[in-house]
1. Does the stretch 75-85 hold any residues that are open to solvent by 40 Å² or more (accessible area, probe 1.4 Å) and among the charged types (D, E, K, R), and which are they?
2. All but one of (1) in contact (Cβ under 8 Å) with a residue 24 or more places away in the chain; (2) over 30 Å from residue 140 (Cβ atoms) hold for residue 59, so report the exception by its number.
3. If only one of 143, 158, 224 is modelled with pLDDT under 90 and either touching a helix residue (DSSP H, G or I) at 6+ places or on another chain (Cβ under 9 Å) or not in a strand (DSSP E or B) (or both), which one is it?
4. Restricting to the stretch 169-218, count the residues that are assigned to a helix (DSSP H, G or I) and in contact (Cβ under 8 Å) with a residue 12 or more places away in the chain.
5. Return the only residue of 126, 112 being in the same structural domain as residue 173 (by the TED database), under 23 Å from residue 212 (Cα atoms), open to solvent by less than 40 Å² (accessible area, probe 1.4 Å) and among the hydrophobic types (A, V, I, L, M, F, W, C).
Amino acid sequence: MTIKLLAKDDRPRERFLQKGKSSLSDSELLAIIMGSGSRDESALELARKILSSVNNSWHQLSLLSSKELMKFKGIGEVKALSIMAALEIGKRRAVQEIPDKPVISNSKDVYFILKNQLSDLRTEEFWAMFLNQSNKVIHISQLTQGGISQSVVDVRVLFKTALDHFSTGIIIAHNHPSGSLKPSKEDIAITQKIKEAGSTLSIQLLDHVIVAHDSYFSFSDEGLL
């Protein structure tokens, strides 16, 4: 059955136009992104199958590569890239919603700002937030992008950036693609190294946050700073 043969109320595009975007289910939104299905099933049926394979999780869907998406009959390279592009737009939109110079009050604030950048990656990345004396974020940057197990941090680059922005405080963060929140020996060692270097320059390391899919670990909260 193709979408054209469905009742109008069951056609995603028509429902979008008549009842608004909030009336659509996740599978209907995905069907609109794909545009068409295969010879054997409609775009809506294909969308349901794809979402079912990832437990109806947009996050899990965002982890699939184009090759993995193309394993579904009816998904070619163009459709796979369309799905990936739509998910990336959603991710960037979430980042743009961060208020200008937000004030960091606790580790949850850090997680809220960086989770969209770090929570769904397959390799480790190391980011830093640079704060002024009022704990306002004045700069955020990605410092390294590493392999599956670790991301090597150049402490000199970190503090050069801090000095360039006249920062008095730093919060570092990285992700664990494995989903584990337990700090590794390397995590603990680099945290201590950065803390000691910051003391010399009167730039305080305020926290080190490890980000997983839907949770985080804070060195500050756990008394490890």
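The values are calculated or read from the model by the stated rules, or taken from the named source; none is laboratory data. Worth saying up front: this structure is predicted, and the values here are computed from it rather than measured. Counting neighbours? That spans all protein chains shown, and the Cβs are built from the backbone with ideal geometry, glycine included. Protein only, heavy atoms only, side chains kept; ligands, DNA and RNA dropped before computing areas. Shrake-Rupley method; radii C 1.70, N 1.55, O 1.52, S 1.80 Å.
1. First, pick out the residues of the stretch 75-85 that are open to solvent by 40 Å² or more (accessible area, probe 1.4 Å): 77-78, 81-82, 84-85.
The one that is open to solvent by 40 Å² or more (accessible area, probe 1.4 Å) and among the charged types (D, E, K, R): 77.
2. Result: residue 59 passes all but (2).
3. Residue meeting the stated conditions: 143.
4. 11
5. Exactly one of 126, 112 is in the same structural domain as residue 173 (by the TED database), under 23 Å from residue 212 (Cα atoms), open to solvent by less than 40 Å² (accessible area, probe 1.4 Å) and among the hydrophobic types (A, V, I, L, M, F, W, C), namely 126.
Yes or no, residue by residue, for (1) of a type outside the set (Gly, Ala, Ser); (2) modelled with pLDDT under 90; (3) under 16 Å from residue 79 (Cβ atoms):
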{"position": "17", "(1), (2), (3)": "yes, yes, no"}
{"position": "21", "(1), (2), (3)": "yes, yes, no"}
{"position": "29", "(1), (2), (3)": "yes, no, yes"}
{"position": "38", "(1), (2), (3)": "no, yes, yes"}
{"position": "42", "(1), (2), (3)": "no, yes, yes"}
{"position": "45", "(1), (2), (3)": "yes, no, yes"}
{"position": "48", "(1), (2), (3)": "yes, no, yes"}
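Condition check ((1) of a type in the set (Lys, Arg); (2) at pLDDT 95 or above; (3) open to solvent by 70 Å² or more (accessible area, probe 1.4 Å)) across all residues:
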site	(1), (2), (3)
60	no, no, yes
63	no, no, no
66	no, no, no
73	yes, no, yes
87	no, no, no
92	yes, no, yes
100	no, no, yes
